[in-house]
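**Q** Would you mind keeping the following structure in view while I ask a few things?
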């Protein structure tokens, strides 16, 4: 397929490469063009504007850092809403709030355009290896049309339903379950430390048994090693994810008390100057709250 | 080795069978003797009192339901403290609070006896299959002496340290991390449901990716199926576990905010009449709090 | 003094009347002019636009329902930012978030205008009786200049400092302390009810002793009478206040765990269909969570 | 009336003096007799044992520090249960858990004795001044019989009902509402401080308006002055009160999320070495969690 791609940071590039490898024709637009030289060398066609990306093929991806960037790209003069042709599909990857997804769904519909939400599950290196999942939500026809793209990008596509907000909610909730798992793990480390247990021992108990999965292995390891300076996702961005979850819950009447705990620990971590550390630093913040750090 | 065994409910029997299969000589005492007929048929020697169990071999296991039962067996006339010979080892399996373990450690020490805490990780059927883990804490010499027993019972022994309370804390913290994971999962199900997502879809997303482990697969499945009537662990016993964790935290200055959330959901479940359901029923209680049930 | 006034709902009218009674010259602009007939009869001069209100005197009040309304009035074409003369003072009453107040402070400053935040403490009827307080924050010179206005409106002005956001934060925090007090009271009612205590008895104990103040007397009474249908402030607006507090805390690194509890109870009340009831309905929501309703 | 009195610490002495002043005949037993010399000088008759106190009059007060002390006095050889004559009334003041009160109610009833719970509202100096309240719960006949005693001790008696546990629950819930109010106030101080507001200003706003009552004035003042070293009630005892509330809630299916927050702040304060400070120190602990201390 011929598709445009807007937003080629680490995640966007990993996705675009997968598309190129599957012989799709990718027109790439990035605000800072020098960053996509390698991608162009790999076969992507460099584009000069959002408008060009919108007209390049039947669909255009966006993979943007946050809701503000998405709103800007969509709503500004010459942006997506203005530039996407009637019937054009906007495939919105990235982790976004349900509010902007709902707003964008309506705005596209008004113009005869279609929104598909397709947030990625997995970090850029997982995407690059073809092992990532993708959650997709949007009108059934558009999902069918875009199927080859999702097959190219990831190992498995999870169908959320016809409402793009459903896909956004799943992504938010998956991050939520992760953040809460990390927070609970951090509490468990503080608790056992106070009873003289080395973190590595508690880590072994958890990950050998009930929690033999990457959520606990990856983040538990960071907590054991206290390697918070090697940043996967920054605490301030974890806080953004927590806010997305709590806002999503508030809008539909779902109290998320575990989410509050998760958010508070990140708020505290930021207050103590750890906002730019890996978000597993919530275990350090928990240790602080326990008089251990 | 020759050992006594007190408390032969489902878990105790599974452990005793493992010991018998490994050719250890097991003297078994249960308050209601008729329940251990099968075990006796399998080679265990039936005993008539705690006193006999204490004198049967170099060590005596207890596998009791809760702290009250343990206190009773230990402290009553003719109980463990009175009956265990000098140098005798009390191997205390079961999930117990740090307070009683600390108290018992001191009480045994006063009498020249030794306490080893050895809580099991895994349900009775996992123990029966030889796949369970065991956490062990106690004086190094006693741990070495009992090593053949732990090798017989489980797949892996995790050494917590020389203080039995460390082993108790690990077991409590592992349950804690599980309870909090279940609570967060339940919140995630309510959140995604309100955005039109079928629980089975969110379950797939979680367990295909970050949470591809038994904690999420087993309990997430119960939540998807709402099969709370088929009880693994009752909600009221989950609540007991939550209390063990919060008490353990309070004693050493560790706030456990995720644990509060876990406990509150179970308190609510009990208030709504679900105390005898499987403790995964906290997902139903979360649904109630979200106006979904 | 000669002043403009924008936003004459119940609270705005009460304030404007106080200003008129103190012989200030008030030019009033309301989006729906018919609503201010009585005020005009009382001496206010009706104005046809925001622009006219901005040019009417040395200062212009806004008393608007929420941040969206304030943003609209300030930023739209012909709005406050465009229309207020250099040196003009915008006195922003109403309960607003710290983000918009900070943004507005900067936007006014860029244009040589001055922002004073002056949120009211007390309901419209208290303002009407002259017994309300007002929190004021802004450049010292502007505060001095506006002093006669604050003296006319309220019984007491609390000086928050030279940053308007300080005044906004005080108002938000005062609401926060109130919301948390109400939530705790609601929990106390559920707890005592389960031990057979009539709510009126627990109410007497509280308000006769430590809590002999309007926060507990007014809202505790509503809880005892379950008169949630007679609405002072709607639960959905209480939820807005909770969000203002949590956002304000998140921005500066202050976890507000009591605020989470408050917010969750309101989220739950809305989920159960009580969003348009008085926000004291959180006691009913607590009762629900306790299996009492 | 002729009555015995067991437990003459600061609170017990204040109560006994009120009884003496009202011309009741008080027989006093304290474990360390030298502490009641002044009371004896004021007219109390010194007694040598619990047994003597139980036989002195128609009723015997206990005013003990905690549940352990009460259990000891009641259950030991020569204790209350053994010594109180049939028909004798045990008036149990002090703040006790619902579990021990229920147990004691049953134990007394078995022996034909009567339990009245009569926890005091107010510190010893308030009791001394005759301004304290008392909550009373027990069989109606016993309450009538003891009325002159309650009239002598306090300004007002609140009738909880015929179950002594009701009175205990009210006392626990009143402390709970106080603890939660203090916690929320502490959060409010941290929030406003981060926006440049002096604590004294926020204190004035609160206590001039909605929170013009002793709970906020007394404890808010301690927080403003940071005078935590001058101890009214120690943080560790506040923690005991929080535990009483959470246990009471757990027993009857009432989640108390505000109580969790209150408890966690005290747990943290203890972890940071402030367990022997005034329990208002939870505001300092909140400041710590906010990176302010």
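The values are calculated or read from the model by the stated rules, or taken from the named source; none is laboratory data. Here the structure is a predicted model, which is why all the values come from computation and not from measurement. Positions of Cβ are backbone-derived with ideal geometry, glycine not excepted, and every protein chain shown enters the neighbour counts.
**Q** Looking at region B:185-203, which of its residues are facing chain A (nearest Cβ under 7 Å), touching a residue at least 40 places away in the same chain (Cβ under 8 Å) and under 20 Å from residue A:211 (Cα atoms)?
**A** B:185, B:187
**Q** OK, next. For the structure I just gave you, tell me whether residue B:252 is within 8 Å of another protein chain (Cβ to nearest Cβ) and over 30 Å from residue A:133 (Cα atoms).
**A** Numbers: within 8 Å of another protein chain (Cβ to nearest Cβ): yes; over 30 Å from residue A:133 (Cα atoms): yes.
The answer is yes for residue B:252.
So that you can scan it fast, the table gives a plain yes or no per residue for (1) at pLDDT below 95; (2) facing chain B (nearest Cβ under 8 Å); (3) more than 24 Å from residue B:181 (Cβ to Cβ):
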residue	(1), (2), (3)
A:133	no, yes, no
A:139	no, no, yes
A:142	no, no, yes
A:171	no, no, no
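**Q** So how many residues does region B:59-93 have that are in contact with a helix residue (DSSP H, G or I) (Cβ under 7 Å, 6 or more places away or on another chain) and assigned to a loop (DSSP other than H, G, I, E, B)?
**A** Of the residues in that region, 7 qualify.
**Q** Would you confirm, using the coordinates I've provided, whether residue A:151 is more than 7 Å from every other protein chain (Cβ to nearest Cβ), part of a helix (DSSP H, G or I) and at pLDDT below 95?
**A** On the way: more than 7 Å from every other protein chain (Cβ to nearest Cβ): yes; part of a helix (DSSP H, G or I): yes; at pLDDT below 95: no.
So residue A:151 fails the test.
**Q** OK, next. Only one residue in D:205, D:177, D:201 is surrounded by fewer than 24 Cβ atoms within 10 Å (Cβ to Cβ) and part of a helix (DSSP H, G or I). Which one?
**A** On the way: D:205 fails: surrounded by fewer than 24 Cβ atoms within 10 Å (Cβ to Cβ); D:177 fails: surrounded by fewer than 24 Cβ atoms within 10 Å (Cβ to Cβ).
Every option except D:201 fails the conditions.
**Q** Right, next: Report every pair of residues separated by at least 6 positions or lying on different chains whose Cβ atoms are under 7 Å apart, first residue within region D:10-35 and in the same structural domain as residue D:146 (by TED's automatic domain parsing) and within 16 Å of residue D:152 (Cβ to Cβ), second part of a helix (DSSP H, G or I) and at pLDDT below 95.
**A** Every condition considered, the pairs that remain are D:11/D:124; D:14/D:124; D:28/D:36.
**Q** Another question, then. Could you figure out which of (1) facing another protein chain (nearest Cβ under 7 Å); (2) under 30 Å from residue C:293 (Cα atoms) isn't true of residue D:244?
**A** If we test residue D:244 against (1) facing another protein chain (nearest Cβ under 7 Å); (2) under 30 Å from residue C:293 (Cα atoms), just (1) comes out false.
**Q** Determine if region B:274-285 includes at least one residue that is more than 14 Å from chain D (Cβ to nearest Cβ), assigned to a loop (DSSP other than H, G, I, E, B) and under 21 Å from residue C:286 (Cβ atoms).
**A** No, region B:274-285 contains no residue that is more than 14 Å from chain D (Cβ to nearest Cβ), assigned to a loop (DSSP other than H, G, I, E, B) and under 21 Å from residue C:286 (Cβ atoms).
**Q** What are the residues in region C:155-166 that are at negative phi and without any contact (Cβ under 8 Å) to a residue 60 or more places away in the chain, if any? If you could, list the steps in order and put the result at the bottom.
**A** Of the residues in region C:155-166, the ones at negative phi are C:155-160, C:162-166.
Those that are at negative phi and without any contact (Cβ under 8 Å) to a residue 60 or more places away in the chain: C:155, C:156, C:157, C:158, C:159, C:160, C:162, C:163, C:166.
**Q** Here's a follow-up. Within the group A:234, A:182, which residue is away from chain C (no Cβ under 14 Å) and either under 16 Å from residue B:176 (Cβ atoms) or surrounded by 20 or more Cβ atoms within 10 Å (Cβ to Cβ) (or both)?
**A** Numbers: A:234 fails: either under 16 Å from residue B:176 (Cβ atoms) or surrounded by 20 or more Cβ atoms within 10 Å (Cβ to Cβ) (or both).
Just one listed residue meets the conditions, A:182.
**Q** Suppose we keep only residues that are more than 7 Å from chain B (Cβ to nearest Cβ) and either assigned to a loop (DSSP other than H, G, I, E, B) or touching a strand residue (DSSP E or B) at 6+ places or on another chain (Cβ under 8 Å) (or both) within region D:255-273. Which one would you say is nearest to residue C:290 (Cα to Cα)?
**A** D:256
**Q** I'd like to check something: does region D:215-224 contain any residue that is at the interface with another protein chain (Cβ under 8 Å from one of its Cβ atoms), at negative phi and not in a loop (DSSP other than H, G, I, E, B)?
**A** Yes, region D:215-224 contains a residue that is at the interface with another protein chain (Cβ under 8 Å from one of its Cβ atoms), at negative phi and not in a loop (DSSP other than H, G, I, E, B).
**Q** So which residues in region B:8-51 are surrounded by fewer than 16 Cβ atoms within 10 Å (Cβ to Cβ) and assigned to a helix (DSSP H, G or I)?
**A** B:10, B:21, B:33, B:34, B:35, B:37, B:38, B:40, B:41
**Q** Go through region D:95-125 and give me each residue that's assigned to a helix (DSSP H, G or I) and at pLDDT below 95.
**A** D:124, D:125
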